[in-house]
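Right, one structure below, let's go through it.
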Amino acid sequence: MLTSTFSHKELAHFAFNNIALISFGTAIASTMGPEQFTAFYLTAGVFSSFASQAFARVFPTILIPSLGASGAIYGVVGATMLLYPNAPLAIIFIPFV
């Protein structure tokens, strides 16, 4: 489950996860410190992989690929929401053709 924290489906997945990690991770890493941020990121990735596997066991007819990198990013975004609830957020929508 730990290695899935670094798995990406395609190059665009990798690029968007890195953009999100840079956008949200820098503030969290400066608040937590590098060691705690690394531990938090890996823990979020492992727990998201575990949750995805548990979901697949409960609902076996739904086939969803399991990659923990996005789950770790969602953990970082969640930590940002908790630690900086009044921070402004700008979202850019990039349409896929």
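The table for this structure:
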{"quantity": "Rule-of-thumb Rg ratio for the chain [Cα; 2.2 N^0.38 Å; N residues]", "calculated": "1.15"}
{"quantity": "In Å, descending, principal axis extents of the Cα set of the stretch 19-65", "calculated": "42, 20, 10"}
{"quantity": "Amide H contacts under 5 Å for Ser7, placed H, 5+ residues apart", "calculated": "Gly68, Ala69"}
{"quantity": "Of the chymotrypsin sites (Phe, Trp or Tyr not before Pro) in the chain, those whose Cβ has at most 12 other Cβ within 10 Å and which sit in DSSP loop", "calculated": "Phe93, Phe96"}
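Any read-out appearing in this document is the output of simple, stated calculations on the displayed coordinates, not a laboratory observation. These figures come from a predicted structure and were not determined experimentally. Neighbour counts are summed over all protein chains in view; Cβ atoms, including those assigned to glycine, are modelled from backbone coordinates with ideal geometry.
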